[in-house]
1. Does segment 63-85 include one or more residues that are within 14 Å of the ligand (Cβ to nearest atom), at pLDDT 95 or above, more than 19 Å from residue 154 (Cβ to Cβ) and buried (at least 16 other Cβ atoms within 10 Å of the Cβ)?
2. Exactly one condition in (1) assigned to a helix (DSSP H, G or I); (2) touching a strand residue (DSSP E or B) at 6+ places or on another chain (Cβ under 8 Å); (3) within 14 Å of the ligand (Cβ to nearest atom); (4) farther than 23 Å from residue 165 by Cα is not met by residue 300; state its number.
3. With the structure loaded, tell me whether residue 269 is outside any helix (DSSP H, G or I), buried (at least 16 other Cβ atoms within 10 Å of the Cβ) and either under 15 Å from the mean Cα position of the chain (by Cα) or within 16 Å of the ligand (Cβ to nearest atom) (or both) or whether it fails that test.
4. Within segment 188-197, is there a residue that is modelled with pLDDT of 95 or more, within 16 Å of the ligand (Cβ to nearest atom), under 26 Å from residue 18 (Cα atoms) and over 17 Å from the mean Cα position of the chain (by Cα)?
5. Is it the case that residue 259 is farther than 22 Å from residue 187 by Cβ and assigned to a helix (DSSP H, G or I)?
6. Which of the residues belonging to segment 198-218 are outside any helix (DSSP H, G or I) and more than 8 Å from the ligand (Cβ to nearest atom)?
7. Can you tell me which of (1) more than 13 Å from the ligand (Cβ to nearest atom); (2) out of contact with any strand residue (DSSP E or B) (no Cβ under 8 Å at 6 or more places or on another chain) is the one residue 226 doesn't meet?
8. Residues in segment 235-251 that are exposed (fewer than 14 other Cβ atoms within 10 Å of the Cβ) and outside any loop (DSSP other than H, G, I, E, B): how many?
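The values are calculated or read from the model by the stated rules, or taken from the named source; none is laboratory data. Predicted model only: the values in this text are computed from it and were never measured. Positions of Cβ are backbone-derived with ideal geometry, glycine not excepted, and every protein chain shown enters the neighbour counts.
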Ligand SMILES: *Cc1c(COP(=O)(O)O)cnc(C)c1O
């Protein structure tokens, strides 16, 4: 079926490549063939999965006549960095509402946000956790009072509009599979604010793609994602209603890999990142893709993906979040890296 896409800006370099990993398949695959959907290549400084969502979100903001994008996240948020750069690219203002105290020297994503000219407001964890909706509303009203019109984008760009980004990606990936002669596959991604997993799962269902979709949780747990994704799909359905529904795709969440917490990773994750870089020249990040890839390998060993040979890991980006955690890669320099 063809999906009734709403307005969309062309910001990402699409389609992204579907790449086979020969050495990783042989050494780590346990009989599976491992592939990567290179959504880390949607752009350069704007790269990653958030750019796919922003194509639809920024189009909506423009349709509404907005001149400002307000969004929120942690200091090293990939989504906030992408939003700041996209705003600059479109001649709009960006305002980032961030969780955590402003560091003396900005690094990684935060540095890029500053470079793009975004206004940044930092709030302590506790205040951010309890008052985020009010803070966003305060800033929206602040701009309204000054004659500007701001569009507020939720965490990670995950809502009924951002969902279109990964519906389109599901369509793209189904075409990639046909081109590569892959008859059936598991699709595995990291899930943080749920939008990527929501879009891929809904897309696979609507398109009847031969894919079993999994999200490795990197922040919350299965219960959280089931509720969040159901909510995003309801929001999507209420806004666009162009399809019979509302559809209820299967949502598969893999728990057990969040520890020691969102944005922090175990030594095994850092080792997994180093291993993939060396084996395949593929760079993962500690917050999302490294954690998810490590979880995927463990679950593969446990037999979770048995019965389907091909596994496509959706590389959602995140490279700039790697540099602020440079100290955790000391083992690479010491040569203890095998
Ligand atoms: C945001 C992000 C994710 C998670 O995607 P969601 O749609 O928020 O679940 C995964 N990987 C990277 C690099 C991200 O920035």
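1. no
2. Failed condition: (3).
3. Judged against the criteria, residue 269 is not a match.
4. So far as segment 188-197 goes, no, none of its residues is modelled with pLDDT of 95 or more, within 16 Å of the ligand (Cβ to nearest atom), under 26 Å from residue 18 (Cα atoms) and over 17 Å from the mean Cα position of the chain (by Cα).
5. no
6. Of the residues in segment 198-218, the ones outside any helix (DSSP H, G or I) are 207-218.
Matches in segment 198-218: 207, 208, 209, 210, 211, 212, 213, 214, 216, 217.
7. All conditions pass for residue 226, except number (2).
8. The total comes to 1.
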